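So the structure is just underneath, and the comments pick up after that.
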Amino acid sequence: MACDCLAEDVQVTTRLGIVRGRRVSTEPSGSVDMFLGIPYAQPPVGSHRFQRPRQSRAWAGVRDVTSFGAACPQLPAPPPCWHLRAEEDCLNLNVYSPTVREGKSSLLPVMVWIHGGGYRLGSGAYSSGIPLASRGVVVVTLNYRMDALGFLSTEDDACPGNFGLLDQIMALQWVRDNIDSFHGNPNQSGVSLSPWAVGQALDPVPPAQWARRLAQKVGCTRDRSQALLTCLQPCQWTTSSTPAPSC
């Protein structure tokens, strides 16, 4: 159990800039430092939709990371009780680090949690890393693009697909490069990931066929893959949205 009633600010310097998170008390007498919504890639919007992720740019000053970033678009949308907004600018991660006493230099093991949901729904904010962090493990949770935004493919160079998996790889690269700033050992880490990717690979419907079905639904009836992709990139992702489930 954690209590943020007496939370205090804590700052960490990463390779891209300084972040300001929160230190919360945990039972019985410890504390955990939380850094929420840290960007690990640039926003995959506009002409960068359906493209490989690009490393986040450095920033000046101190970046506030005391609240969760946006979840990635999903259908149905997150229910209101989850208190999450969904936007395409969603490639962010969360770090939960045990508070380390001054003078202690040893790094801690790291666990990266990649949420399940069939590559159609979910968020790194759904599961708190506090319980594990309070036991001496640095926990990282993350978002990645899902459904069509993450896995659309025309099966050619125009849109090869698997962008959601490439997001995950970029997030892991961020962990490798920055987690020591949060007292984590980049050489002592593991990943918890849904094994659903195997089942998806066995789907009998060709990805390009799915891509053209989606394109037809939003009025993009182009024959060439690049023209189809150019038509899809400016579309609003909410075009086919359905009501969020009740809580």
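What follows draws every value from the coordinates through simple rules; no lab data is involved. What you see is a predicted model; the values in this text were computed from it and never measured. All Cβ positions, glycine included, derive from the backbone under ideal geometry; neighbour counts span all protein chains shown.
Tell me, in nm to one decimal, what length is gained between ARG15 and ASP89 on full extension, where the rule is 0.36 nm per residue of separation less the Cα-Cα distance?
Full extension from ARG15 to ASP89 adds 24.6 nm.
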How many percent of all Cα-Cα pairs in segment 2-202 sit more than 25 Å apart? 36
In what order do HIS183, HIS48 fall by count of nearby beta-carbon atoms within 10 Å, going from fewest to most? HIS48, HIS183
Which ³J(HN,Hα) values in Hz, rounded to whole numbers, follow from the phi angles of segment 37-48 under the Karplus curve 6.51 cos²θ - 1.76 cosθ + 1.60, where θ = phi - 60° and Gly and Pro get x? x, 6, x, 10, 8, 6, x, x, 10, x, 5, 9
Please arrange CYS159, CYS231, CYS220, CYS72 by how many other C-beta atoms lie within 10 Å of their C-beta, fewest to most. CYS231, CYS220, CYS159, CYS72
Fully extended, how many nm does the chain gain between GLU8 and SER105 (0.36 nm per residue separation, minus their Cα-Cα distance)? 32.7 nm
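Just want the ordering: GLU88, GLU27, from fewest to most Cβ atoms lying within 10 Å of their own Cβ.
Lowest count first: GLU27, GLU88.
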Can you pull the one-decimal nm distance between simple spin-label points at ALA60 and ARG23, each 7 Å off the Cα toward Cβ? 2.9
